[in-house]
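K.L.:
This is the structure I want to talk about, given as structure tokens.
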Amino acid sequence: MVQVDVFFSYAMGSGFALAACRQLIKKREEGDGKPFDNTYFTRTLLFLAIFILPGNLTLLWGWPSWETMHVSTYASIPAWFITVFCLVSVGLGILGFWVTYQLLIRKRFYLAFLQMALGYFLLCFMLVNGWDKTGYQRFFSVTKEEFLSWQWSNATTFLTSGLFLAVVILFGIGGPLLFYWFTKWMKRGYAVSEDVNKVRAAHTGIIKIAALLLVGVLGSALAFAVIATLLIAYLGWILGVIVFIAVFCLAGLSRWGVYPFLQDQFLLEKEERRGEVVAEEALAAESR
């Protein structure tokens, strides 16, 4: 879906940079670090160009109403939109990689992790709530007519449609490679970095990393999106968003939240390294 693809591209580009964070930092410290001159960015760009862009165009061409969340049809999609859509699908992935890279080389690991995590949250929020509280209805409706006469049986029709089969095939082709590169790069980073807790790294295999990405990052993003949708549905946009921000800050962003926990599980920093970061932040606060 066009409105969802923008967040997916950014989050995926950011995720690839995060997966190779130790290697990118090491190359930078050795004086050979450039954001777009390394094998990790090259593979990210290839993934965007070979898997993401063709997949997006396939869905836009085959099911234009669904891909635009039932905003447009063939007749109402101008030629320039296709060009912009192609540029955005690849460009936002590049932007996500670059922003995350800039944060990583400055050792702002938590902010770098949030680029990926918040990207997936916004993706899930658009799918579940959307801009008018009907995101899930638009997603589960194959045609605009089904969306306008929404009923839960639309979900059954969607799950047995050629559209759903196409989505499964596209993710079935690109998904395994995404998880393979992500987990492989993370494990390789554990081996080359001195800032990694080696004991924990030895017990963190590719299955655990994949589970953290799928269940931890994507699962928490979906859970927060559902919570936000329910709060908005029952409290309205203004009060619902205010309450959700409070919940999200406490359960997601604070030191007791899920995102600091997930960042620690991915990066496996040494205890003394984390102590140095806390001390640096305290000194910075005192200087202000």
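The values are calculated or read from the model by the stated rules, or taken from the named source; none is laboratory data. Computed from a predicted structure; not experimentally measured. Because the Cβ atoms are built from the backbone with ideal geometry, glycine has one as well, and the counts that use them run over all protein chains shown.
K.L.:
Can you find a residue that is under 30 Å from residue 265 (Cβ atoms) and either touching a strand residue (DSSP E or B) at 6+ places or on another chain (Cβ under 7 Å) or modelled with pLDDT of 90 or more (or both) anywhere in the stretch 138-154? Please lay out each step first, then the result.
P.N.:
Keep residues of the stretch 138-154 that are under 30 Å from residue 265 (Cβ atoms), which gives 139.
Adding the requirement that they be either touching a strand residue (DSSP E or B) at 6+ places or on another chain (Cβ under 7 Å) or modelled with pLDDT of 90 or more (or both) leaves 139.
Yes.
K.L.:
A further question follows. Regarding the stretch 246-266, can at least one residue be identified that is surrounded by 15 or more Cβ atoms within 10 Å (Cβ to Cβ), within 27 Å of residue 26 (Cβ to Cβ) and touching a Gly at 6+ places or on another chain (Cβ under 6 Å)?
P.N.:
yes
K.L.:
Consider residue 165 against the criteria (1) closer than 20 Å to residue 139 by Cβ; (2) in contact with a helix residue (DSSP H, G or I) (Cβ under 8 Å, 6 or more places away or on another chain): it satisfies all of them except one. Which criterion is unmet?
P.N.:
The single condition residue 165 does not satisfy is (2).
K.L.:
Further question: I'm told residue 55 meets every condition in (1) among the small types (Gly, Ala, Ser); (2) buried (at least 18 other Cβ atoms within 10 Å of the Cβ); (3) more than 20 Å from the chain's Cα centre (by Cα) except one. Can you identify the failing condition by its number?
P.N.:
All conditions pass for residue 55, except number (3).
K.L.:
Pairs under 8 Å by beta carbon, first residue in a loop (DSSP other than H, G, I, E, B) in the stretch 189-203, partner exposed (fewer than 12 other Cβ atoms within 10 Å of the Cβ) and not aliphatic (A, V, I, L, M), six or more apart or different chains?
P.N.:
Going by the 8 Å Cβ cut-off, the qualifying pairs are 197/271.
K.L.:
With the checklist (1) under 22 Å from residue 159 (Cα atoms); (2) out of contact with any Pro (no Cβ under 7 Å at 6 or more places or on another chain); (3) of a type outside the set (Phe, Trp, Tyr) in hand, flag the one item residue 73 doesn't pass.
P.N.:
Going through (1) under 22 Å from residue 159 (Cα atoms); (2) out of contact with any Pro (no Cβ under 7 Å at 6 or more places or on another chain); (3) of a type outside the set (Phe, Trp, Tyr) one by one, residue 73 breaks only (2).
K.L.:
Restricting to the stretch 60-87, name every residue that is surrounded by fewer than 18 Cβ atoms within 10 Å (Cβ to Cβ), part of a helix (DSSP H, G or I) and either touching a Phe, Trp or Tyr at 6+ places or on another chain (Cβ under 8 Å) or not polar (S, T, N, Q) (or both).
P.N.:
Quick first cut of the stretch 60-87, residues surrounded by fewer than 18 Cβ atoms within 10 Å (Cβ to Cβ) only: 61-62, 71-76, 78-84, 86-87.
Filter again for part of a helix (DSSP H, G or I), leaving 61-62, 74-76, 79-84, 86-87.
Residues satisfying the conditions are 61, 62, 74, 75, 79, 80, 81, 82, 84, 86, 87.
K.L.:
Suppose we filter the stretch 158-182 for residues that are surrounded by 12 or more Cβ atoms within 10 Å (Cβ to Cβ), over 20 Å from residue 61 (Cα atoms) and not aromatic (Phe, Trp, Tyr); how many remain?
P.N.:
Of the residues in that region, 3 qualify.
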